[in-house]
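Contents: one structure, followed by commentary.
The values are calculated or read from the model by the stated rules, or taken from the named source; none is laboratory data. These figures come from a predicted structure and were not determined experimentally. A quick note on method: Cβ atoms are made from the backbone with ideal geometry, for glycine too, and the neighbour counts reach across all protein chains shown. Calculation scope for accessible area: heavy atoms of the full protein, side chains included, ligands and nucleic acids excluded. Shrake-Rupley method; radii C 1.70, N 1.55, O 1.52, S 1.80 Å.
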Amino acid sequence: MNKFKTLLFLAVFSGIGLWGCDDSSSASSNGPDENAAVDSSSSVCKDCEDGDGSSSSSKKIESSDEKDVGTSSDAKSNSLSSSSKKDDASSSSKRDDSLSSSSSYIYHECENGATTTTIDRLCTVFFSCVDWMWTIDSTVCAEKPKEYPVMDSLFETKYATYKKFEDPRDHQVYRTVVLNMHDEDGKIVEGEKIEVFAQNLNYGEMIDTGVVMNDDGKVEKYCDLNDEWFCNNGWGGRYTWSEAMALSAKYDSVLWKDTVGGDTRIHQGLCPEDWHIMNAYEWKNYTSTMGLPLASKVNWSPLDKAGANMSGLSVLFQMKTYKENWGNATFFLPTEEDGKKMYRVTVNDSYVTQNAAAIKHHNWFYVRCVRDY
């Protein structure tokens, strides 16, 4: 009978030993490195090896007919896994008190208070050990280098001559171009000319697009991609309708003027003194119904888009990313449809649309200025 009890005890103990020292192929991952591999060939996990091959006496399991089966209180692993998430209940890194009624096996992933880092491409992940488990403290990623468009062809054209104008308010210098009026047959109308900014107006203080433009005490502007480089390199500022018209922000929701004579209305808005916002009559009679002759070659750089910028207006399309644009640009007209809607002009590579109503405070458009005549 005593011999039978001894054999039964050895069989049960052998199963506990194998369970407590799990093979690394089935162990879960809990930190920056893989879990330690454990030798499962023995029924008693004695001198289990860490992942680097070093011996760890802290994993020794001792037993007798009169003592519980367990581990020393400082049992832990100095290895890390590639994941910061805590494993589920089946993980060998968690305490399991159900091995038997008289035994337990505790596995520590790390030592409380320890820290480590891992680097993955552009990001560095910072870990700390809490309750013997690796957890993420923070992740810091290096900003990707910004690749700005090449601007060499901004004003490239064979059919226009540029002048320069310095805004006395902030001393910014703009290129300007003279546009001729064309009749219905496309012929130039002698003596009918206007001088227009060949760049979008860039006046005011840049604010983030997450901030509402409603400060009547100063002129505010948005920049493409929230990057002032674009404001300063031809794209200029984008404004709400009331800001572009140099009106109180309340006029984004109430009527400023009636629409009678709106197409020919001369209104300075944010333009410098002796200049005004280009109106619908000027867009219609001094530009083209096709967008390509109005658009800068930069929009297709490094390709040399045939027929681009014949007018010299050098329109730049709104940026989608640092490498892509939306394929169009929209400009304000100084007229409203009602208290909440105003009119605009949109230029793309195929055509120009005018007088399409848009919500005042939901849209931020560019401004072109024309010299008073």
> Here are some conditions: (1) under 22 Å from SER242 (Cα atoms); (2) touching a residue at least 24 places away in the same chain (Cβ under 8 Å); (3) open to solvent by less than 40 Å² (accessible area, probe 1.4 Å). TRP256 meets all but one. Which one does it not meet?
Replying inline: (3)
> For residues in segment 259-284 being surrounded by fewer than 20 Cβ atoms within 10 Å (Cβ to Cβ) and in contact with a Pro (Cβ under 7 Å, 6 or more places away or on another chain), which is nearest to ASN180 (Cα to Cα)?
Replying inline: ARG265
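Residue-by-condition table, conditions (1) of a type in the set (D, E, K, R); (2) within 25 Å of VAL173 (Cα to Cα):
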| residue | (1), (2) |
| --- | --- |
| VAL254 | no, no |
| ASP274 | yes, yes |
| ASN279 | no, yes |
| ARG344 | yes, no |
>> Could you check segment 114-128 and list, in sequence order, the residues that are in contact with a Cys (Cβ under 6 Å, 6 or more places away or on another chain) and open to solvent by 40 Å² or more (accessible area, probe 1.4 Å)?
In response: LEU122
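Yes or no, residue by residue, for (1) touching a strand residue (DSSP E or B) at 6+ places or on another chain (Cβ under 6 Å); (2) outside any helix (DSSP H, G or I); (3) closer than 23 Å to ALA295 by Cβ:
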site	(1), (2), (3)
SER242	no, no, no
ALA246	no, yes, no
TYR251	no, no, no
VAL254	no, yes, no
ASP263	no, no, no
ILE266	yes, yes, no
CYS271	yes, yes, yes
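Residues are listed down the side, and each one gets a yes or a no for (1) modelled with pLDDT of 95 or more; (2) over 24 Å from the mean Cα position of the chain (by Cα); (3) under 22 Å from TYR322 (Cα atoms):
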site: HIS182; (1), (2), (3): no, yes, no
site: PHE197; (1), (2), (3): yes, yes, no
site: MET206; (1), (2), (3): yes, no, yes
site: GLY234; (1), (2), (3): yes, no, yes
site: ARG238; (1), (2), (3): yes, no, yes
site: TRP241; (1), (2), (3): no, yes, no
site: LYS250; (1), (2), (3): no, yes, no
> Of the residues that sit in segment 218-239 and are out of contact with any helix residue (DSSP H, G or I) (no Cβ under 6 Å at 6 or more places or on another chain) and in a loop (DSSP other than H, G, I, E, B), which one is most open to solvent (accessible area, probe 1.4 Å)?
Replying inline: LYS218
> Which strands (runs of 3 or more DSSP E) sit wholly inside segment 303-373 and have at least 2 residues that are modelled with pLDDT under 90?
Replying inline: 352-359
> Within the set of pairs 6+ apart or on separate chains, which have a first residue in segment 115-129 that is more than 19 Å from ALA142 (Cα to Cα), a second that is outside any strand (DSSP E or B) and at pLDDT 85 or above, and C-beta atoms under 7 Å apart?
Replying inline: CYS129/CYS110; CYS129/GLU111; CYS129/ASN112; CYS129/GLY113; CYS129/ALA114
